[in-house]
Structure formats: C-alpha cells, structure tokens
Amino acid sequence: MNIYDIAVIPGDGIGKEVVPASLEVLNTVAEVHGGLKFNFTSYPWSCDYYLEHGKMMPDNGIQILQNYTAVFLGAVGDPQRVPDHVSLWGLLIKIRREFEQVINIRPAKYIKGIQSPLHSPNDFDLIVVRENSEGEYSEIGGRIHKGEDEVAIQGAVFTRKGTERAIRYGFKLAEQRKGRVTSATKSNGIVHSMPFWDDVFNEVRKDYPGIETSSCHIDALAAFFVTRPHTFDVIVASNLFGDILTDLGAAIMGSIGIAPAANININGKYPSMFEPVHGSAPDIVGKGIANPIGQIWTAKMMLDHLGEVEAGRKMLEVMESVIQDGIKTPDIGGTSSTTEVVQEICRRLKTL
Ligand code: NAI
Ligand code: MG
C-alpha cells in the first residue's frame with residue numbers, strides 16, 4: 001500500500017469549493033485503483049485566517065508543511081478585504097521560496113468538448129517547464145535621476161545550476177512523453193544570457209541522445225503556440241519566457257478554469273506544491289458553478305509526481321470523457337454545477 005500524507009490548503013473563494021471536490025475524486029481514484037491511500041490534512045490558511053490572526057499562516061507554517069509529501073492548494077486572494085500582495089506573499093510565494101520550488105510546470109492539451117479560441121486546433125498536448133527561481137525576475141538593478149535624465153537598469157541572473165536543472169527536468173519529462181524538447185531562446189537579441197542558455201541546452205542534450213531537440217526564438221515560438229501547437233511536446237523556458245508561454249498555453253485550451261500547474265522542488269528536501277492556474281474567482285464564489293477541472297487536473301499532476309502514473313492516467317481519461325459528453329460548468333459552455341461534474345467523474349471512475 002502506498003500511503004501519501006498530503007497537506008491541503010483550500011485558501012479563499014472557489015478554492016474552498018474545488019479543493020473538497022478534488023479530494024473526493026482523489027479518494028475515489030485511490031479506492032478503485034487499489035494499493036493507494038491518501039491522508040489529507042487541511043489547513044485553513046487564507047484571507048479569513050489573516051483577518052483573524054494578522055497573518056496568512058502561523059509562524060511555524062512552513063515547518064508544519066515540511067512534514068508532508070506534497071502540498072495541494074486551491075487559490076489565495078480576497079482582494080476586497082485583503083490586499084493581493086499581502087495574501088500572495090504571505091502564503092503562496094512564501095511556500096514556493098522556502099521550499100525551493102525552482103521549477104514550474106504547466107501542461108496545455110486540446111480537450112474535446114471545450115471550445116478553444118484557435119480556429120481548428122489539431123490535437124495538441126504540450127507541457128512548459130519554466131525556470132522558477134531566477135532569470136529575468138531578479139532584484140538586481142535600479143533607477144537613477146528623475147525626469148528626462150532618468151535611467152532604469154534591470155539585471156537578469158542565469159546560473160549554470162539553475163539553468164541546467166530546469167533544462168534537465170524538461171529532458172527527463174520528455175523521456176516519459178513524446179520524446180521531444182524545444183528550447184525557448186532569444187540569442188539573436190539578448191546576447192549574454194541567452195547564448196549561455198543555448199550552451200547549457202546543447203550540453204545537457206548530449207546526455208539524452210534519444211530525445212529530439214530544437215531551439216526556437218521566443219517570438220516565433222509564441223506564434224507557433226497559436227498556429228501549430230500540436231508540433232510541441234516539452235518546452236523548456238526561462239522564468240519570463242515561461243511565464244508568458246504558460247498563459248498562452250492556458251488560453252489556447254479555452255478556459256482558465258481548467259488549467260493545472262505544479263511548483264516542483266527537485267532536490268528532494270521539501271515538498272512540491274500543486275495548484276491550478278486560476279485564482280479565487282470572487283465573482284462566482286458561492287454559486288456552485290466553479291469549474292473543478294483545473295483543480296482535478298492539478299491532482300492528476302500530483303499523482304504523476306508521486307509516481308502514481310496509472311492512477312493519474314485513469315483520472316485524466318475520465319475527466320476528458322465527462323467533458324466530452326457535455327457534463328461541464330458554464331465557463332466552458334455547459335450547464336452543470338461543480339457537484340454534478342464531480343459526481344459524474346466519481347461515478348465513471350467506479351465503473352472502470
Ligand atoms: P481568477 O482566476 O480568480 O478569475 C478570473 C476569471 O476567471 C473570473 O471571471 C472567474 O470567475 C473565472 N474563473 C477562474 N477560475 C474559474 C473556475 N475554476 N471556474 C469558472 N470560472 C473561473 O483571477 P482574478 O479575478 O484576477 O483574481 C481573483 C483573486 O485570485 C485575486 O485575489 C488574485 O490575486 C487571486 N489569484 C490567486 C492565484 C493563486 O492562488 N494562484 C492566481 C491568480 C489570482
Ligand atoms: Mg503569469
């Protein structure tokens with residue numbers, strides 16, 4: 001029996017609706033798959049918690065979470081009552097930083113039954129591996145003078161360690177997928193960091209002779225996400241490029257409510273964190289129509305990460321079949337409630 005201790009943080013808004021729904025699906029998968037069990041421990045850390053205690057999580061919150069195999073999070077944010085920078089930095093970003101979650105991965109897949117904004121998309125199935133700790137998002141630089149003499153300088157940080165681990169993660173992922181890695185670069189315009197990125201990519205790829213590789217400038221790559229996303233498998237990208245590509249990936253799928261994500265710790269010292277791309281959606285909270293698919297797909301990524309690939313495959317298959325048969329929430333053109341979608345997914349899982 002594989003038993004996993006998972007820390008659960010539903011957070012705010014629809015996080016409190018889609019997280020319990022996903023736990024139900026995970027428990028059902030465990031039940032039908034056999035040999036698999038989850039111990040979920042839920043923590044109420046959120047904006048409500050902040051208003052009561054003056055902090056988003058207790059001072060020893062990180063130490064508490066450290067004991068779990070993974071963190072499963074809904075969404076954080078209640079902008080009417082707590083400023084976003086307070087809620088985000090006090091919980092989400094703190095966990096990502098403290099747990100050295102240096103890689104962010106987000107798949108994008110064509111799902112039948114969801115209208116993509118692309119005119120006639122082929123069956124695409126790609127995943128972006130984004131370097132999540134350095135790159136263009138650095139605090140190095142500054143501004144001097146005011147007015148017409150003002151100067152702003154922004155430094156980017158690319159370490160060999162950080163670059164290599166992100167690229168290598170992409171190759172390992174490709175070995176379990178379609179065996180193709182595309183590197184997002186811009187060495188024609190950014191003349192120091194991007195040629196360095198290319199060098200590291202060329203070194204790492206020597207270790208994976210079975211993987212087909214290509215390099216593509218980020219501007220062209222963004223266009224190809226729109227014109228031919230089906231030609232990609234794994235894309236490795238720096239922090240900024242990955243940030244942009246992953247939003248584009250979510251966009252071509254058709255709804256933010258279905259996009260999953262994972263923040264990965266790769267040195268094994270701390271848990272990884274799994275959270276959907278969407279936020280707390282204050283505009284639809286309490287209406288029972290939040291799309292649970294983003295959170296459920298996120299749970300599938302957690303299963304993959306735990307090595308429970310077969311259980312994850314079942315979950316994705318059932319999830320797709322339910323959407324395809326039109327049992328879906330209003331954001332993707334359906335009329336079903338959160339509960340109805342989840343009940344149907346669980347029912348079908350039990351018939352597998
Ligand atoms: P949002 O993702 O919460 O909502 C954007 C739009 O998409 C809304 O119209 C919402 O109804 C819809 N939507 C989102 N998820 C949905 C779902 N599962 N089903 C159906 N419709 C869905 O982004 P917004 O409104 O910019 O932010 C709201 C709050 O969430 C803010 O406090 C923000 O800081 C926070 N946020 C938190 C994130 C996180 O925890 N990772 C990520 C993004 C935003
Ligand atoms: Mg973004």
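Being outside any helix (DSSP H, G or I), at pLDDT 95 or above, more than 13 Å from the chain's Cα centre (by Cα) and more than 26 Å from ILE62 (Cα to Cα) is a property that holds for VAL285. Kindly establish whether THR338 is hydroxyl-bearing (Ser, Thr, Tyr) and touching a residue at least 12 places away in the same chain (Cβ under 8 Å). Against the criterion (hydroxyl-bearing (Ser, Thr, Tyr) and touching a residue at least 12 places away in the same chain (Cβ under 8 Å)), THR338 qualifies. Among the numbered conditions (1) part of a strand (DSSP E or B); (2) within 16 Å of ligand 1 (Cβ to nearest atom); (3) not basic (Lys, Arg), the only one that GLY257 does not meet is (1).
Restricting the range 186-209 to residues that are more than 20 Å from ALA174 (Cβ to Cβ) and among the polar types (S, T, N, Q), the residue that is surrounded by the fewest Cβ atoms within 10 Å (Cβ to Cβ) is ASN188. Do you know which of the residues in the range 226-242 that are among the hydrophobic types (A, V, I, L, M, F, W, C) and more than 14 Å from ligand 2 (Cβ to nearest atom) is farthest from ILE332 (Cα to Cα)? The extreme case among them is VAL236. For the range 123-172, a residue qualifies if it is β-branched (Val, Ile, Thr) and farther than 18 Å from HIS192 by Cβ, and the qualifying residues are ILE127, VAL128, VAL129, ILE144, VAL151.
Just one of the numbered conditions (1) modelled with pLDDT under 95; (2) touching a helix residue (DSSP H, G or I) at 6+ places or on another chain (Cβ under 7 Å); (3) assigned to a loop (DSSP other than H, G, I, E, B); (4) not β-branched (Val, Ile, Thr) is not true of TYR270: (1). Please specify each residue of the range 160-204 satisfying the condition of being charged (D, E, K, R), part of a helix (DSSP H, G or I) and closer than 14 Å to ASP233 by Cβ. Residues satisfying the conditions are LYS172, GLU175.
Restricting the range 1-21 to residues that are part of a helix (DSSP H, G or I) and out of contact with any Pro (no Cβ under 6 Å at 6 or more places or on another chain), the residue that is nearest to ligand 2 (Cβ to nearest atom) is GLY15.
Residues of the range 244-268 that are out of contact with any Leu (no Cβ under 8 Å at 6 or more places or on another chain) and closer than 17 Å to ALA166 by Cα: ILE244, THR246, ALA261, ALA262, ASN263, ILE264, ASN265, ILE266, ASN267, GLY268.
Where helices (runs of 4 or more DSSP H) sit wholly within the range 33-108, those with at least 1 residues that are touching a Gly at 6+ places or on another chain (Cβ under 7 Å), of a type in the set (S, T, N, Q) and away from ligand 2 (no atom under 16 Å from the Cβ) occupy 84-87.
Which pairs have Cβ atoms under 6 Å, sit 6 or more apart or on different chains, and link a residue in the range 341-352 that is in contact (Cβ under 8 Å) with a residue 24 or more places away in the chain to one that is hydroxyl-bearing (Ser, Thr, Tyr) and surrounded by 18 or more Cβ atoms within 10 Å (Cβ to Cβ)? What qualifies is CYS346/THR28; LEU349/THR28. Just to be sure, is LEU245 within 14 Å of ligand 2 (Cβ to nearest atom) and under 21 Å from GLY179 (Cα atoms)? It is true that LEU245 is within 14 Å of ligand 2 (Cβ to nearest atom) and under 21 Å from GLY179 (Cα atoms).
Selection of the range 44-65 for residues being surrounded by 15 or more Cβ atoms within 10 Å (Cβ to Cβ) and within 21 Å of PRO282 (Cβ to Cβ) yields TRP45, SER46, CYS47, ASP48, TYR49, TYR50, MET56, MET57.
The values are calculated or read from the model by the stated rules, or taken from the named source; none is laboratory data. Just so it is clear, the model here is predicted, and its values are computed rather than measured. Cβ coordinates were reconstructed from backbone atoms using ideal geometry, including for glycine residues, and neighbour counts include every protein chain displayed.
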